[in-house]
Amino acid sequence: MLFPQKVGENRYRARYGRYFEEFNIGDIYEHRPGRTITDADNIQFSLMTMNYHPMHCDLAHAEKSEFGKLLVNSGLTLAIVLGMTVNDVSGQAIANLGWKDITLTNPVFAGDTLYAESEVLDKRESKTRPTQGIVTVRTKAFNQKNEQIMVFDRTFLVAKEGHGVGDK
């Protein structure tokens, strides 16, 4: 989400992401727009990351599986869902501190459109960095049928208002 920031007389600058103070435990951010995954996305990501598993890049092999078609590489799914959250959640982050409990709850196929939402689970001021805080969110992703396909928790270090990289 772009947050307008007044920078002068009749002048506003788009600000990307939230500062520490703008996170409230229990808030849920719905990330839009969705993202439709293509066969090209899946093949390119799989080859780029050297994940040559035939379920990702060999249609003849995948057609013999219980799914009957190629599965989208779960690394790609995670990368897309994580990317969808940045404008709402970590646009003012200094660093990601970790991901945990990444769970893949349903398969993803080319042609699926993914949507995501993140709930603020926890926040606290940094003990060693007075201009920053630590936030934890749980992100859930869904396909176009509203079936959950993924869930994970992420913790990151985020700037307090007036202390972001773009504020200097």
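The values are calculated or read from the model by the stated rules, or taken from the named source; none is laboratory data. Since we're looking at a predicted model, the values are computed, not measured. For neighbour counting, all protein chains shown are included, and Cβ atoms are generated from backbone atoms with ideal geometry for every residue, glycine included. What goes into the accessible areas is simple: the full protein's heavy atoms, side chains included, and nothing from ligands, DNA or RNA. Shrake-Rupley method; radii C 1.70, N 1.55, O 1.52, S 1.80 Å.
For PRO130, the conditions (1) in contact with a strand residue (DSSP E or B) (Cβ under 6 Å, 6 or more places away or on another chain); (2) within 17 Å of GLU21 (Cβ to Cβ) all hold with the exception of (1). Candidates are the residues of region 9-27 that are open to solvent by less than 50 Å² (accessible area, probe 1.4 Å) and at negative phi; the one that is modelled with the lowest pLDDT is ARG15.
Screening GLU30 with (1) loosely packed, with under 13 Cβ neighbours inside 10 Å; (2) assigned to a helix (DSSP H, G or I); (3) acidic (Asp, Glu) gives one miss only, at (2).
Filtered by the rule that a residue be out of contact with any strand residue (DSSP E or B) (no Cβ under 6 Å at 6 or more places or on another chain) and open to solvent by 60 Å² or more (accessible area, probe 1.4 Å), region 144-166 gives LYS145, ASN146, GLU147, GLU161, HIS163, VAL165, GLY166. For region 88-99, the count of residues that are modelled with pLDDT of 95 or more, β-branched (Val, Ile, Thr) and either in contact with an Asp or Glu (Cβ under 7 Å, 6 or more places away or on another chain) or under 23 Å from PHE45 (Cβ atoms) (or both) is zero. Residues being part of a strand (DSSP E or B) and either modelled with pLDDT under 95 or closer than 30 Å to ASP122 by Cβ (or both) are entirely absent from region 47-58.
Among the residues of region 106-114, is there at least one that is under 29 Å from ALA14 (Cβ atoms), aliphatic (A, V, I, L, M) and open to solvent by 70 Å² or more (accessible area, probe 1.4 Å)? No, there is no match, as no residue in region 106-114 is under 29 Å from ALA14 (Cβ atoms), aliphatic (A, V, I, L, M) and open to solvent by 70 Å² or more (accessible area, probe 1.4 Å).
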